[in-house]
Amino acid sequence: MAEKIIVALAGNPNVGKTSIFNAITGSKQHVGNWPGVTVEKKMGKRVHSDVEMEVVDLPGTYSLTAYSLDEIVARDFIIEEKPDIVVQVVDGTNLERNLYLTTQLMELGVKLVIALNMSDLVLSKGVHIDEAKMQEYLEVPVVSTIGSTGNGIHGLLDTIIERSSDKRVYGNTFDYEEDIEVRAEELEMILEKDPYFAHYPSRWFSLKLLEGDENILRKARGSESYPKIKNVLDNLDPDSFESRIADQRYGTIQFMLRQVCDINTSHLSGSDMVDRVVTNKYLGIPIFLSLMWAAFEVTFTFATPFMNMIDIFFAWLGEVTVSLISTDWLSSLIGEGIIAGVGSVLIFLPNILLLFFMLSIMEDSGYISRAAFIMDRVMSRIGLHGKSFIPLIMGFGCNVPAIMATRTIEDSRDRLITILVTPFISCGARLPVYVLLAGAFFGRDAGVVIFSLYALGILVALLSAKLMRGTVLRGEDAPFIMELPEYRIPTLRSGIIHMWERGKIYLKKAGGIILLGVVGVWLLASIPVPGSGGQFASGDIYGTTSSLLGAIGMLIEPLVAPLGFDWRIAVALLFGVVAKEIVVGSMGVLYGAGTNEENLAGILAAGAMSPLVGLGLMVFVLLYVPCFACIGVIKRETGSWKWTLFQLFYGTGLAWGLAFLVYQTGSRIGLLS
Amino acid sequence: MDERRPDEMTLDLIEPEISVKVLKVIGQKSSRKRILDMGLTPGTRVEVIRRAPLGDPVEFKLKGYNLSLRKKEARTILVEAPEQVPE
Ligand SMILES: Nc1nc2c(ncn2[C@@H]2O[C@H](COP(=O)(O)OP(=O)(O)OP(=O)(O)O)[C@@H](O)[C@H]2O)c(=O)[nH]1
Ligand SMILES: [Mg+2]
């Protein structure tokens, strides 16, 4: 293969960049109907007509002035790394605002190809876009696509290759009003003489200076010619230039659109009809709460039959293996270790799948942005943003992508607070602990108990945010400017893909880190304390205080004794730091779930733990140290060990305090013991 | 502000289902540029769609898409006062 080119996919948020990326490269990156799904650049490869393409999916951005971290990623890639081709994915149903970015990309002088996406929706709205005319007017190739089905991708690839081998620089540039042009030329002359600016196209840079773009001004300040630049900028009113440049860009677009398509805006869409009900003054909040409750109900009730099946399967598997293997220690490893441990975790796969299915419906329909819209007022009370609400909802699935999602929050303090409180949102990994314990101790009220735990997590997150806002992270309210995308009917296909992707992660985790964890627990539970005279993996020491694990447990037990936790729980919590499912897995190992007649829940209910301790344990698991993966992402996204440790100590402190409260008040008044 | 003319208003004061023309974006540098980038340039028609259930933020329609702003941001957008519709 001769050539290799770098192709960047850029565009406004939520226009289908990732859908097109997936169609080109065959990847399965996350797609959703709300602005801000992609927050970091993703690479993929494709060979087409003997040309090797390195395709880069970028976060969405409305203009080349970046405000939030995800937009900075996109802008920096286009400006600093200079991809060979930039494909701007454009939402055909929203041309006017989308083409605003086009004008800037053209000024930047990149080799541009426009993918006119959502062409199916354009058609169904009865709008006709004259591509040929658009192409002629912009002097940029335009290709129609449907990202979600992959229609038009071939044509797009052909065009990319054709465009990349074309050496000419073209693409229309727009003229601004006379006085702006005069200033721009003055600045261009200065910039072209200074090698410091050689990396940037001078026309684009001058216009950005005139617009008063902070970032560009900062760059200019580092140069030797800055006094001259300042001289030009000083005797004009930057505010009016900023507004007029934006205004004239939009003016040019409108002029073109009048010739290219028959726009019929101000048309009440189906989406607006839905919103009349969903964000209605009186119905909005009840609907929001009912949807949350419904999602929760489905996650649990639909899962039960499947869980029973998995349970029966593992019970059977445990019996068979134990009876087949005659070597004592091996049978113990497989029966009491692996099957009991991993089996206790795998039972919850149906819950996890349903949870992610429900989340994907929320994302794909476009409701998640409405949730942010409805809840913004509540969030502003605690000094945050409606946009902070989206990561919190995502956190119900998994905290790791939720923390990544905070990149769309413009204000850095808002973002930091959101990162620090997201771990209190109860993720899918904590679910097994609740289902197990609530199921064992609260029977028919299990649902209420679990729902209360979720509510407690939200409450702790919100109150903590308020507390941090009032103390260590004071700051002004950041502006709230958010697009509300049109509703779309979520497809079953995308729901199932999403569910399957997360299901795979769960299975991999069960077969990887959880397996390792439970084997570790089993090993430590089988090794006798030196000098005790016990035998490796023998019945008299396994899982007792004469095992090494027991010794470790006894050592840390005093730390959690005031919460009513014994050494087994202490050990399970210690290993649960790796991944919270391991709490369940190690309990399975420690209470001998696999080989016993009864499953873990049965053993616990039969008296191995008191309901009160179970309740305290659930509260503790909700709030204490998040898993390794989460700690890692907190460190990466805050860029600070100080804040990461703060989160860990703050959360664990709270967990201890609340579990203490539960146990002590409960046992004083004789409840649940 | 004293210099405001009687036929000017800020966008936060406009009632739902009324559409008005933008005159100017005042307010702080950072949010002003973003508001302009989103298409609220002078001359643009904006329709107020509805307020959120708790009164804030507000949903608008402009250039064929929907945008939500808090009242605080809407207050920085000067618009032409709508013509008085007789009751
Ligand atoms: N009807 C229709 N829907 C599409 C098309 N392309 C993408 N979508 C849907 O549009 C939504 C947004 O798609 P994404 O690919 O996530 O958009 P994005 O540009 O990557 O969004 P961000 O990462 O948030 O900037 C998803 O719900 C897609 O399924 C299309 O051509 N037609
Ligand atoms: Mg994306």
For region A:534-541, in residue order, the Karplus 3J(HN,Hα) values (coefficients 6.51, -1.76, 1.60; θ = phi - 60°; whole Hz; Gly and Pro = x) are x, 9, 4, 6, 7, x, 6, 9
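So if I place +1 on the C-beta of Lys and Arg and -1 on the C-beta of Asp and Glu, and nothing else carries charge, what would the dipole magnitude of region A:178-263 be about its Cα centre? I want it in debye, nearest 20.
300
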Restricting to Cα pairs under 8 Å and 6 or more apart, the percent relative contact order of chain A works out to 12
Whole-Hz Karplus couplings 3J(HN,Hα) for region A:494-510, θ = phi - 60° and coefficients 6.51, -1.76, 1.60, Gly and Pro as x, run 5, x, 6, 4, 4, 4, 5, 4, 6, x, 4, 4, 5, 5, 4, 5, 5
Distance in nm between A:Asp237 and A:Thr665 label points, each 7 Å along Cα→Cβ, equals 6.1
Row for region A:3-164, column shape: gyration tensor on C-alpha, a ≥ b ≥ c, rounded if a/c < 1.5 i.e. under 1.5, prolate if a/b over b/c, else oblate; value rounded
Rounded to the nearest 10, the angle in degrees between the Cα long axis of helix A:284-301 and the longest principal axis of the Cα atoms of chain A comes to 50
Note on region A:469-538: alpha-carbon gyration tensor, axes a ≥ b ≥ c; rule is a/c under 1.5 for rounded, else prolate if a/b larger than b/c, else oblate; result oblate
In square angstrom to the nearest 100, the accessible surface buried at the B/A interface, both sides summed with a 1.4 Å probe, amounts to 3700
Check: C-alpha center region A:189-248 vs C-alpha center region A:58-124, spacing in Å is 22
Taking region A:284-669, the equivalent ellipsoid from its C-alpha gyration tensor has semi-axes in Å, biggest first, of 38, 24, 18
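Provide, as a two-decimal number, the C-alpha radius of gyration of region A:178-263 over 2.2 N^0.38 Å, N being how many residues it has.
1.23
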Taking N as the residue count of the protein assembly as shown, its alpha carbon Rg divided by 2.2 N^0.38 Å gives 1.08
Gyration tensor on Cα atoms of chain B, a ≥ b ≥ c root eigenvalues, a/c under 1.5 rounded, else prolate if a/b beats b/c, else oblate, says rounded
The size of the Cβ-based charge dipole (Lys, Arg +1; Asp, Glu -1) of the protein assembly as shown about the Cα centre, to the nearest 20 debye, is 1600
Surpassing 19 Å at the alpha-carbon level, of the pairs A:Lys387/A:Lys580; A:Lys466/A:Lys580; A:Lys111/A:Lys230; A:Lys4/A:Lys45, are A:Lys387/A:Lys580; A:Lys466/A:Lys580; A:Lys111/A:Lys230
In whole Hz, the Karplus estimates of ³J(HN,Hα) for region A:445-461 (6.51, -1.76, 1.60; θ = phi - 60°; x where Gly or Pro) are 8, 3, x, 5, 4, 5, 4, 5, 5, 4, 4, 4, x, 5, 4, 4, 4
If one compares the long axis through the Cα atoms of helix A:69-80 with the longest principal axis of the Cα atoms of chain A, the angle in degrees, nearest 10, works out at 50
Residue-normalised 222 nm signal for chain A, counting each DSSP H run of n ≥ 4 as -39,500 (n - 2.57), nearest 500 deg cm²/dmol, is -18500 deg cm²/dmol
Residues whose modelled amide H sits under 5 Å from the amide H of B:Val79, counting only those 5 or more places away in sequence or on another chain, are B:Met9, B:Thr10, B:Leu11, B:Leu23
Length gained if A:Arg258 through A:Arg488 is fully extended, taking 0.36 nm per residue and subtracting the Cα-Cα distance, is 80.0 nm
Inter-part gap, Cα centre of region A:293-311 to Cα centre of region A:1-40, in whole angstrom, is 34
Inverse of <1/r> over all distinct C-alpha pairs of region A:304-425, i.e. the Kirkwood Rh in Å, gives 17.3
Filtering trypsin sites (Lys or Arg not before Pro) in region B:1-68 by DSSP loop and by at most 12 other Cβ atoms within 10 Å leaves B:Arg4
Residues meeting the amide H criterion for A:Lys111 (H placed from the backbone, H to H distance under 5 Å, 5 or more places apart or on another chain) are A:Val86
Rounded to the nearest Å, the spacing of the alpha-carbon centers of region A:357-420 and region A:455-475 is 14
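Hey, can you find the accessible area per residue of region A:178-263 for me, probe 1.4 Å, expressed in square angstrom?
49
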Taking a crude spin-label model, label points 7 Å out from Cα along the C-beta direction, the A:Glu54 to B:Glu83 distance in nm is 6.0
For region A:1-88 the GluC sites (Glu not before Pro) that pass both the DSSP coil test and the at-most-14 other-Cβ-within-10 Å test are A:Glu40, A:Glu81
Residues whose built amide H sits under 5 Å from the amide H of A:Asp411, excluding neighbours closer than 5 in sequence, are none
Sparse-neighbourhood loop hits (trypsin sites (Lys or Arg not before Pro), region A:89-133; DSSP loop; Cβ within 10 Å at most 16 others) -> A:Lys125
Computed over chain A: longest principal axis from alpha-carbon atoms vs helix A:349-365 long axis, angle to nearest 10 degrees, is 20
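The values are calculated or read from the model by the stated rules, or taken from the named source; none is laboratory data. Everything quoted here is computed from the prediction, not taken from an experiment. Cβ: placed from backbone, ideal geometry, glycine included. Neighbour counts: every protein chain shown. Heavy atoms of the whole protein, side chains included, go into the accessibility calculation; ligands, DNA and RNA do not. Shrake-Rupley method; radii C 1.70, N 1.55, O 1.52, S 1.80 Å.
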